[in-house]
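The values are calculated or read from the model by the stated rules, or taken from the named source; none is laboratory data. From a predicted model like this one, the values you see are computed outputs, not experimental measurements. Cβ placement follows ideal geometry from the backbone for every residue including glycine, while neighbour counts extend to all protein chains displayed.
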């Protein structure tokens, strides 16, 4: 008797689970590689990059290892980059298993974890990470467009990036101090991914960023963790909203 084939839905589910597991494993590795980058760039704007161990003050290499080679001190927050990137890549690869755009979304997810960690620590989104990422995202989406025979999506991604960056630039000019230049540049980058998925996804992502920011701000005000004149880093909300919109997209 021939062995029955597994139901189509069950097979697809298993494939997505395998992709998610592979993404999580890759995320652990990527998070470890991110740690020294985040450590070095987590300084206020205008200050030199960190180059010494915070415990023993020993000089570190240009891109130091995960721990200080002299005293063994862990550089950066414990396990946060590794766990965050594992979760992000697991969700993205599980949702877009085998899709041409999955690599571009994964790159944005890994970058988003690094930028969010730095922004929370020092309210800064370093140009050194953001600006070169435009070329990487456009290249990855270009490959996805060719592989998926969908050049229209690439054009829409470029327009989406311009639209979101333009919107944030307008807000920065209208309300100086509430929106920084780093937020504007990051908005353009996230707009590439959101625009690729369609205008409804772009609108949802843009709206979610402000909604998340408002909800967290209200919660912190109620708990008296911040004052009315306090300022929250906006980058993590923009990154989080973008990832939610990407995961929830119907495309």
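Of the residues in segment 77-93, at least one is at pLDDT below 90 and farther than 26 Å from residue 189 by Cβ.
Taking the conditions (1) in contact (Cβ under 8 Å) with a residue 12 or more places away in the chain; (2) part of a helix (DSSP H, G or I); (3) more than 14 Å from residue 116 (Cβ to Cβ) in turn, residue 203 satisfies each one other than (1).
Each residue in segment 170-184 was checked for being assigned to a helix (DSSP H, G or I) and closer than 18 Å to residue 213 by Cβ, and 8 of them qualify. Across segment 88-95, not a single residue is classified as surrounded by 17 or more Cβ atoms within 10 Å (Cβ to Cβ) and in a loop (DSSP other than H, G, I, E, B). Regarding segment 227-242, can at least one residue be identified that is in a helix (DSSP H, G or I), over 20 Å from residue 107 (Cα atoms) and in contact with a helix residue (DSSP H, G or I) (Cβ under 7 Å, 6 or more places away or on another chain)? For segment 227-242, residues in a helix (DSSP H, G or I), over 20 Å from residue 107 (Cα atoms) and in contact with a helix residue (DSSP H, G or I) (Cβ under 7 Å, 6 or more places away or on another chain): absent. A count restricted to segment 175-195 and to residues that are touching a residue at least 40 places away in the same chain (Cβ under 8 Å) and under 16 Å from the mean Cα position of the chain (by Cα) stands at 11. For segment 112-151, the set of residues classified as crowded, with 21+ Cβ neighbours inside 10 Å, in contact (Cβ under 8 Å) with a residue 60 or more places away in the chain and in a helix (DSSP H, G or I) consists of 112, 113, 114, 115, 116, 117, 118, 119, listed by residue number. Scanning segment 1-44 for residues that are more than 26 Å from residue 105 (Cα to Cα) and at pLDDT 85 or above yields 43, 44.
Among the residues of segment 40-88, the one identified as in contact (Cβ under 8 Å) with a residue 24 or more places away in the chain and on the phi > 0 side of the Ramachandran plot is 76.
Out of (1) at pLDDT below 85; (2) closer than 22 Å to residue 113 by Cβ; (3) out of contact with any strand residue (DSSP E or B) (no Cβ under 9 Å at 6 or more places or on another chain), the odd one out for residue 72 is which? Only one criterion in (1) at pLDDT below 85; (2) closer than 22 Å to residue 113 by Cβ; (3) out of contact with any strand residue (DSSP E or B) (no Cβ under 9 Å at 6 or more places or on another chain) is unmet by residue 72, namely (2).
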